[in-house]
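Report on the structure given below.
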Amino acid sequence: RFQGTNLIVDSLTANYGLVPVAIAGIVAAGTNFDLEQARFDLVTNVQPVAVANVVSALEQELGQKVVLPVAIAGEVKADAKLTGTAAQPILAGTIASTKPATVDRLQLNNISTNFQLERGRMAQTPTPNSQSLALTLSDILVVPAAGGKIGGKGEVDIGLGSDNSRSGLVFDLQAENV
């Protein structure tokens with residue numbers, strides 16, 4: 001529904017491929033409904049979904065096969081908030097496993113992290129660049145089935161588009177009783 005130049009989303013349920021998403025909040029379109037200058041204040045929720053379905057949705061979006069460096073099986077849920085503008089959106093929230101998971105051959109009882117995904121910023125090159133994404137992870141917690149825990153933080157830089165785009169990752173992890 002509209003309220004002035006704002007689009008109010010009371011409750012919207014949709015699928016991103018095989019990923020069910022619930023959305024609520026406000027899109028402030030501003031004067032003349034200029035969507036390029038629209039500001040987001042949306043809350044999103046992804047109910048438990050298989051990791052394979054998330055990868056499938058990404059493949060559909062990218063139009064190419066996504067090859068993970070190791071096999072991953074499990075189920076995750078997410079709660080996030082989309083803020084910023086259409087040109088500079090920021091998606092931040094939490095992701096957590098809902099059932100035991102397998103990464104490569106490692107059995108994990110729990111995986112959770114806070115995240116923030118931004119377009120146009122890379123840790124190695126903090127100047128704006130629309131051909132990149134930065135995924136920042138904090139409060140990472142991994143609990144192996146064999147015992148102990150792994151915690152920490154990290155950042156993944158994702159170069160998009162041209163062959164000259166740079167990607168990379170940096171993580172700071174600590175393991176206890178593993």
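Determine if region 53-63 includes at least one residue that is of a type in the set (D, E, K, R) and touching a strand residue (DSSP E or B) at 6+ places or on another chain (Cβ under 7 Å). No, the conditions are met nowhere in region 53-63. Being touching a residue at least 12 places away in the same chain (Cβ under 8 Å) and either under 30 Å from Asp104 (Cα atoms) or among the hydroxyl-bearing types (Ser, Thr, Tyr) (or both) is the filter; apply it to region 1-26 and report the residue that is surrounded by the fewest Cβ atoms within 10 Å (Cβ to Cβ). So, considering only residues that are touching a residue at least 12 places away in the same chain (Cβ under 8 Å) and either under 30 Å from Asp104 (Cα atoms) or among the hydroxyl-bearing types (Ser, Thr, Tyr) (or both), the one surrounded by the fewest Cβ atoms within 10 Å (Cβ to Cβ) is Ser11.
Applying the criterion of being touching a Gly at 6+ places or on another chain (Cβ under 6 Å), charged (D, E, K, R) and in a strand (DSSP E or B) to the residues of region 129-173, the residue that is modelled with the lowest pLDDT is Asp157.
Got a sec? Which strands (runs of 3 or more DSSP E) wholly within region 27-128 have at least 3 residues that are touching a Cys at 6+ places or on another chain (Cβ under 7 Å) and open to solvent by 30 Å² or more (accessible area, probe 1.4 Å)?
Values: elements: 39-50, 75-85, 89-97, 101-103, 106-119.
In region 27-128, there are no strands (runs of 3 or more DSSP E) which contain 3 or more residues that are touching a Cys at 6+ places or on another chain (Cβ under 7 Å) and open to solvent by 30 Å² or more (accessible area, probe 1.4 Å).
Starting from region 93-122, take each residue that is farther than 14 Å from Pro48 by Cβ and polar (S, T, N, Q) and list its partners that are open to solvent by less than 50 Å² (accessible area, probe 1.4 Å) and not in a strand (DSSP E or B), counting only C-beta distances under 9 angstrom and pairs at least six apart or across chains. The qualifying pairs are Thr102/Gly74.
The values are calculated or read from the model by the stated rules, or taken from the named source; none is laboratory data. Keep in mind that this is a model prediction, so the values were computed, not measured. Note that each Cβ is placed from the backbone with ideal geometry, even for glycine, and that neighbours are counted across all protein chains shown. When the accessible area is computed, the model is the full protein with side chains, heavy atoms only, and any ligands, DNA or RNA have been set aside. Shrake-Rupley method; radii C 1.70, N 1.55, O 1.52, S 1.80 Å.
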